[in-house]
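The structure appears below as structure tokens.
Each reported figure results from applying straightforward, stated rules to the coordinates on display, with no laboratory input. What you see is a predicted model, and the numbers here were worked out from it, not measured in a lab. So basically every Cβ, Gly included, is an ideal-geometry build from the backbone, and we count neighbours across all protein chains shown.
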Amino acid sequence: MSPTQPSRILVVDDDVDICHNLSDILGDLGYHVDCAHDGRAGLELAARSPYDVALVDLRMPVMDGLTLAREIRRLSAGTVSILATAWASAETADMALAAGAWKVLDKPLDFPGLLRLLEQALDQPLVLLVDDDQDLCNGLWDLLRERGFRVSLAHEIARASELLEQARYQIVLVDLRMPDGDGSSLLRIARGANPRSRMIVITGRREEGDLLVERLAAQGADAVCFKPFDLPLLLRTLESLLETEGEAAAKAPSTAP
């Protein structure tokens, strides 16, 4: 997504009045809002183009909110799903988190609280994880989401290239060995999409050691993480690179509106 484009919000609720109210309020605040009145219609919208946040009612006809949250995670892992329900419980929250949702809100909605939550969701660092090992991706998605990252997934370089055109990722993690090419080829593409993004190459070729790290650094990698992961080290690396990305953004010259 271009930085000049508004954040995209998907509202899915069978209560037409709620959809109209949210569309008016969020639209006035500068968000792009699309609405659907059942889960299947919401899924069709999510399949056409990615959203930053999906606000989804739990109980709906055709497809319930839990199923929709699972499908949105599958289609667009970087979308933050928020479930809303008048029947909130600890069990509901656990089921929502297992489905890939980030938060569960009580109905009737507290609009000031919702707006604060949207801002919090949109402020989360945006990470692109590129690896053909889907189990690894799902495990890292869970880990990073728990720590407040928004994480998009790609299992081919071609798909990663498409995602890089849609959003300005602050961190890109890419496996060196991908089914459709050398993962390091994505470094140039990612840097072209966002010059301030930080690149981490992940690889199992630990035996090549310093020589591999030096080669990848020369190609534009900011860090190399070896498989199997030292997860605390990976998290510290992410935090450190986010700090440098933030410093680069702060030093960048401002542009006229």
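Annotation: for a label point projected 7 angstrom from Cα along Cα→Cβ of ALA217, no residues of region 161-176 have a backbone N closer than 16 Å. Explain nothing, just the number: relative contact order of the chain, from Cα pairs under 8 Å at least 6 residues apart, as a whole percent. About 12 percent, as a whole number. Less than 13 Å from a label point 7 Å out along the Cα-to-Cβ axis of ALA158: which backbone N atoms in region 176-208 qualify, by residue? Under 13 Å, as judged by backbone N against the label point of ALA158, lie 179-181 of region 176-208.
Can you bin the chain into rounded, prolate or oblate? Criterion: square roots of the alpha carbon gyration tensor eigenvalues sorted a ≥ b ≥ c, rounded for a/c under 1.5, prolate for a/b above b/c, oblate for the rest. Note, shape of the chain comes out prolate.
Full extension of the chain between LEU233 and GLU44 yields a length gain of 64.1 nm, computed as 0.36 nm times the residue separation minus the alpha carbon distance.
By the beta carbon rule, with partners counted only under 4.7 Å, the chain holds these lone Cys residues: CYS137, CYS225.
I need to check one value: relative contact order of region 126-251, counting alpha carbon pairs closer than 8 Å and at least 6 residues apart, in percent.
Working: 186 pairs, mean separation 27.2, N = 126.
So the answer I get is 22 percent.
Just ARG59, ARG205, ARG145 to compare: in a GNM of the chain, with alpha carbon springs under 10 Å, which one fluctuates most? Its mean-square fluctuation being the largest, the pick is ARG205.
Build a GNM of the chain with springs between Cα atoms under 10 Å apart, and of ASP24, ASP38, ASP142 the one that fluctuates most is ASP24. Across q = 0.12, 0.13, 0.22 Å⁻¹, region 8-122 modelled as identical point scatterers on its alpha-carbon atoms has Debye log10 I(q)/I(0) values of -0.34, -0.40, -1.31, in the order of the q list. Of the three principal axes defined by the Cα atoms of region 126-251, the extents in descending order read 38, 30, 30 Å.
For an R0 of 51 angstrom, estimate the FRET efficiency from the Cβ-Cβ distance between CYS225 and ASP17 and round to the nearest 0.05. Using R0 = 51 Å, I get an efficiency of 0.55.
Just checking the listed ones, TRP102, TRP87, TRP141: in the Gaussian network model of the chain with Cα springs under 10 Å, the one fluctuating most is TRP87.
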